[in-house]
Amino acid sequence: MEATIRIRRFNPEKDKKPYWATYTLKDCEPTNRLLELLHRIKWEIDGTLTLRRSCAQGICGSDAMRINGRNRLACKVLLQEFGENPKIQVEPILGLPVIKDLVVDMEPFFAHYRAVMPYLVNETPPPIGPDGKPRERLQSIEARERFDDTTKCILCAACTTSCPSFWANGDYVGPAAIVQAHRFIFDDRDQLLQERLDVLADPDGVWRCRTIYNCTPACPRGIEVTRAIGEVKRAIQAGKRDY
Amino acid sequence: MTSLVLTITETLRYRGKLGQWAWVLHRVSGFGTVVFLIMHVIDTSWATFYPELYAKAVAAYKTPLFTVGEFVLVALVIYHALNGFRIALFDYRPQWWRRQEDAAKLVLLGTLVLLVPTFFIMAGHVVNYYNERVSVFDLGLESVVEATAPFAVGTVVVLGLALIVSAGASVIPSLNAPKKRLKGSKMETFMWSFMRISGILIIPLVFGHLAMMHVIQGVFDITRVGHVPIFTNLGPNMADTLTAVNFVRLRWDTMLAGVYIWRIYDILLLFLVTLHGFNGVRYIINDYIHGRLLNRALRLASAGTMIGVIVVGALAILQSVPATTAEMLSQTSQVIEVNADSDVLGR
């Protein structure tokens, strides 16, 4: 089958502003992934097409883009969902500066990520195992389950760049950073709870979330993003982990 | 401002689900209601301070444009109330998020279900008015301009002053230090709860207010010859000489169980709605206006208007009738005067 792909292109060295380019590909299979079609355009038609991808398996989080109006991973989109003669529109995710074509500058996104201190802090010495050596900090199954959902994040930025609050104001830490914060706020081994809650109680922290729910369906990992943000809000209001 | 344009165009382009459109409607309906609130509180305060102006304002409210505006307002308020309840519910119970889309549909359905009988009743008043009183259809543009011009001028003046103050404030270094890192804001944390709790409290108050003052009896009734105002102590014998000013005064003077029931009701509504509404405006300003000068100017203008609306509204409700107004009332209506002195009105 034949597929038509419309891509938002921009080369800062040549173009004053972004433009749409349309490519037609023959001999496509319904089981082709969109990423494969983008590869074919780059390899067979126009080598200047620029995009990010790494594992191509939906794990590395490199190829988030806006596909037919919604944020998704190009490697997780199969051609078959678009019918007999697929017409697919691809553009970079919104809210981060475009470097070239589908590649955006992720640095502001990672700055927000770092701001929520995405690492476990525990100053007490680790417990001593039966062999007399330090061992891992044990955690109950229930306590681990509490933040299981938010451990799945791959930092692809699909949620953050689907959020109208983030489009409007890039200072907002965004859903992904809050998901990462959630993962440590609700981890009972962590000792930095109050600092974490303080950081997120900022006007540019969770309070810029308007409960719009664009982030939840945008997540390629199926994380309950808006729920996680809501739980962090409740924890801030209560001032403790078990609100 | 580019941020606002970008948000509008990209919201139209992004294929978000119902939650996104619920948020768009929530913002638009909230902002629209605040604009009306400013006019409505200041206009109504004229019933106390400038009775002649109030009579003119009520006349303007009867023109077709304002009639359409009132229908729109009622729809906006009902949607905002129901959707606000949805937001509060899912914010306090984030684990129920799978039902939020159903809830958003229910909000739309609920708005429609409430609007059908409401619009039916409101349209009844309009039809009555045009059947009884008006022979020639008149847009009343002059009256509309006259009623809105002070607010347009006021907006320009307040914005101009705010811009000057904001420009002046830009020389204070501490106000212009770049923001360093995220740190908690107790005020923002409190406002989040306040928006939800005040919103829930406002719902019964504002629905009651809409029912009493816009639906069951509206602006067309309160000055209609022979109309017996409900929810007041006004007797049927006063109906023939009813004026808008008298109606407001009598309503506020109505007592139930020894208290000025509508004064308390209106004060409560005034404070909650104004604080809720202007905090919403603050959210909108901070979301979309990032230029320091303009952001600060708009926040100043908004805060100033908020204080103005609360002070003017509260004074109008609390202040007893000035002597001049009482005289005027006695001239226009002998019957009112007789009753105002009697125990009927609880004085």
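Rule-based calculations on the coordinates, nothing more; no lab input. This structure is a prediction, so every number in the text was calculated from the model and none was measured. Reconstructed Cβ throughout: ideal geometry from the backbone, glycine too, with neighbour counts over all protein chains shown.
Output the 0 to 90 degree angle, nearest 10, between the alpha-carbon long axis of helix B:292-318 and the longest principal axis computed from the alpha carbons of chain B.
30 degrees
May I ask you to list the trypsin sites (Lys or Arg not before Pro) in the stretch B:1-67 that are in a DSSP loop and have at most 15 other Cβ atoms within 10 Å of their Cβ?
Values: sites: B:Arg13, B:Arg15, B:Lys17, B:Arg27, B:Lys56, B:Lys62; in loops: B:Arg15, B:Lys17, B:Lys62.
Answer by residue number: B:Arg15.
Which one of B:Tyr79, B:Ala257, B:Gly184 is farthest out on the positive end of the charge dipole of chain B, using unit charges on Cβ (Lys, Arg +1; Asp, Glu -1) and the Cα centre as origin?
Result: B:Gly184, furthest along the dipole toward the positive end.
Using a Gaussian network for chain A with springs between C-alpha atoms less than 10 Å apart, which of these wobbles most: A:Asp15, A:Asp148, A:Asp187?
A:Asp15
Can you give the longest stretch of chain A with no exposed loop site, where a site means GluC sites (Glu not before Pro) in a DSSP loop (not H, G, I, E or B) with at most 12 other C-beta atoms within 10 Å?
Values: sites that count: A:Glu2, A:Glu13, A:Glu84, A:Glu123, A:Glu136.
That would be A:137-243.
With charges only on Cβ, +1 for K and R and -1 for D and E, what is the dipole size of the protein assembly as shown about its Cα centre, in debye, rounded to 20?
Numbers: 63 positive and 54 negative charges, 381 e Å.
For the protein assembly as shown, the charge dipole is close to 1820 debye.
Mind checking which lysines have their C-alpha under 26 Å from B:Lys179, skipping anything on the same chain fewer than 8 residues away?
A:Lys233
Among B:Ile172, B:Thr274, B:Val58, which residue has its Cα positioned farthest towards the positive end of the charge dipole of the protein assembly as shown, with +1 placed on the Cβ of Lys and Arg, -1 on the Cβ of Asp and Glu, and the dipole taken about the Cα centre?
B:Ile172
How far is it, in nm, from the label point at A:Asp131 to the one at B:Val68 when both lie 7 Å from their Cα along the line to the Cβ?
8.1 nm
Among A:Pro92, A:Tyr23, A:Leu37, whose Cα lies farthest out toward the positive end of the dipole of chain A, if unit charges sit on the beta carbon of Lys, Arg (+1) and Asp, Glu (-1)?
A:Tyr23
Kindly state, to the nearest 0.05, the FRET efficiency for B:Ala257 paired with B:Phe49, given R0 = 22 Å and r defined as their beta-carbon distance. Each step should come with its number before you reach the end.
On the way: r = 29 Å, r/R0 = 1.32.
Calculated transfer efficiency: 0.15.
Please report, in debye to the nearest 20, how large the charge dipole of the stretch A:3-103 is about its Cα centre when each Lys and Arg carries +1 at its beta carbon and each Asp and Glu carries -1 there.
Numbers: 18 positive and 12 negative charges, 77 e Å.
Using only the charged Cβ atoms, the result is roughly 380 debye.
Could you tell me the calculated FRET efficiency between B:Leu201 and A:Asp188, based on Cβ-Cβ distance and R0 = 60 angstrom, to the nearest 0.05?
Calculated value: 0.95.
Which residues does the label zone of B:Leu4 cover in the stretch B:21-51, counting backbone N under 19 Å from a point 7 Å along Cα→Cβ?
So the set is B:23-39.
Evaluate peptide B:180-191: per residue, the Cβ atoms of other protein chains within 10 Å of its Cβ; return the mean as an integer. Don't jump to the answer; show the numbers that get you there.
Details: counts 0, 4, 14, 7, 12, 7, 2, 2, 9, 13, 1, 2.
For peptide B:180-191, the averaged partner shielding equals 6.
Within the stretch A:1-105, list the trypsin sites (Lys or Arg not before Pro) lying in a DSSP loop whose Cβ has at most 10 other Cβ atoms in a 10 Å radius. Let's see the in-between values first.
Numbers: sites: A:Arg6, A:Arg8, A:Arg9, A:Lys14, A:Lys16, A:Lys26, A:Arg33, A:Arg40, A:Lys42, A:Arg52, A:Arg53, A:Arg66, A:Arg70, A:Arg72, A:Lys76, A:Lys87, A:Lys100; in loops: A:Lys14, A:Lys16, A:Lys26, A:Arg52, A:Arg53.
Those that pass, being in a loop and sparsely packed, are A:Lys14, A:Lys16, A:Lys26.
Taking 0.36 nm per residue of separation and subtracting the Cα-Cα distance, what length does fully extending B:Asp138 through B:Phe151 add? Please list the in-between numbers first.
On the way: separation 13, 0.36 × 13 = 4.68 nm, distance 2.28 nm.
Full extension from B:Asp138 to B:Phe151 adds 2.4 nm.
Suppose only helical runs count, i.e. DSSP H with n ≥ 4. What mean residue ellipticity at 222 nm does that imply for the protein assembly as shown under -39500 (n - 2.57) per run, divided by all residues and rounded to the nearest 500 deg cm²/dmol?
Details: 20 runs with 318 residues, N = 590.
Dividing the helical sum by the residues of the protein assembly as shown leaves -18000 deg cm²/dmol.
Given the Cα-Cα distance of A:Lys240 and A:Lys26 and 0.36 nm per residue of separation, how much length would full extension add, in nm? Please list the in-between numbers first.
Details: separation 214, 0.36 × 214 = 77.04 nm, distance 5.77 nm.
Gain on stretching A:Lys240 to A:Lys26: 71.3 nm.
Can you give the mean number of other chain Cβ atoms that lie within 10 Å of the Cβ atoms in peptide B:276-289?
Values: counts 0, 0, 0, 0, 0, 0, 0, 5, 1, 0, 6, 8, 2, 2.
Across the residues of B:276-289, the mean count of other-chain Cβ atoms within 10 Å is 2.
Which of the aspartates and glutamates could a cross-linker span from A:Lys133 if the Cα-Cα distance has to be under 19 Å and same-chain partners fewer than 8 positions apart are dropped?
Result set, ordered by chain and number: A:Glu123.
Does chain A classify as rounded, prolate or oblate by the C-alpha gyration tensor (a ≥ b ≥ c root eigenvalues; a/c under 1.5 gives rounded; else a/b over b/c gives prolate, otherwise oblate)?
Working: a/c = 2.43, a/b = 1.91, b/c = 1.27.
The shape class here is prolate.
Counting other beta carbons within 10 Å of each Cβ, put A:Ser162, A:Ser140, B:Ser143, B:Ser29 in order, fewest first. Provide the component values of the computation, followed by the final result.
Working: A:Ser162 32, A:Ser140 9, B:Ser143 19, B:Ser29 22.
The fewest-first ordering by Cβ neighbours comes to A:Ser140, B:Ser143, B:Ser29, A:Ser162.
Considering only B:Ala257, B:Ala162, B:Ala314, give the residue with the highest GNM mean-square fluctuation for chain B, with springs between Cα atoms whenever their separation is below 10 Å.
Ranking B:Ala257, B:Ala162, B:Ala314 by mean-square fluctuation puts B:Ala257 first.
Excluding B:Val145 itself, calculate the net charge of residues whose Cβ lies under 14 Å from the Cβ of B:Val145, where each Lys or Arg counts +1 and each Asp or Glu counts -1.
Numbers: positive: B:Lys56; negative: B:Asp138, B:Glu142, B:Glu146.
Combined, the nearby Lys, Arg, Asp and Glu give -2.
Under a Cβ-Cβ cut-off of 14 Å, what is the net charge of the residues other than B:Ile307 that fall near it, where Lys and Arg count +1 and Asp and Glu count -1? Present the calculation step by step, with values, prior to reporting the outcome.
On the way: positive: B:Arg282, B:Arg299; negative: none.
Charge balance in the 14 Å sphere: +2.
Residues with beta-carbon under 12 Å from that of B:Arg86, excluding B:Arg86: net charge, scoring Lys, Arg +1 and Asp, Glu -1?
+1
Calculate the spin-label point distance for A:Ile99 paired with A:Asp46, positioning each point 7 Å from the Cα along the beta-carbon direction, and give it in nanometres.
If labels sit at A:Asp46 and A:Ile99, their model points lie 2.0 nm apart.
Please state, rounded to one decimal and in Å, the Kirkwood hydrodynamic radius that the stretch A:106-238 gives when every pair of distinct Cα atoms enters the mean of 1/r.
Details: mean 1/r = 0.0649 Å⁻¹.
So the Kirkwood estimate lands at 15.4 Å.
Which residues among the stretch A:211-243 fall inside the zone where the amide N is under 11 Å from a point 7 Å beyond the Cα of A:Ser140, along Cα→Cβ?
Zone members listed by number: none at all.
Under a point spin-label approximation (7 Å from Cα along Cα-to-Cβ), what is the B:Ile172-A:Asp15 distance to one decimal in nm?
4.6 nm
Rounded to whole Å, give me the distance from the Cα center of the stretch B:188-205 to that of the stretch A:130-175.
30 Å
Enter the Cα centre distance for the pair the stretch A:39-58 and the stretch A:77-94, rounded to the nearest angstrom.
Using only Cα atoms to place each centre, the spacing works out to 15 Å.
For the protein assembly as shown, take the convex hull of the Cα atoms, compute a quarter of its surface area, and give me that in nm², please.
36.6 nm²
Checking the table B:Lys17/B:Lys180; A:Lys42/A:Lys87; A:Lys76/B:Lys105 against a 25 Å threshold on Cα-Cα, which pairs fail? Mind dumping the intermediate values first?
On the way: B:Lys17/B:Lys180 35 Å; A:Lys42/A:Lys87 18 Å; A:Lys76/B:Lys105 30 Å.
Pairs exceeding the cut-off: B:Lys17/B:Lys180; A:Lys76/B:Lys105.
Using DSSP to define loop residues, name the chymotrypsin sites (Phe, Trp or Tyr not before Pro) in the stretch A:118-193 whose beta-carbon has at most 12 other beta-carbon atoms within 10 Å.
Details: sites: A:Tyr119, A:Phe147, A:Phe166, A:Trp167, A:Tyr172, A:Phe184, A:Phe186; in loops: A:Tyr119, A:Phe147, A:Tyr172, A:Phe186.
Those that pass, being in a loop and sparsely packed, are A:Tyr119.
How would the stretch B:37-97 be classified by its alpha-carbon gyration tensor: rounded, prolate or oblate, with rounded meaning a/c under 1.5 and the a/b versus b/c comparison settling the rest? Don't jump to the answer; show the numbers that get you there.
Values: a/c = 7.48, a/b = 2.48, b/c = 3.02.
Cα axes put the stretch B:37-97 in the oblate bin.
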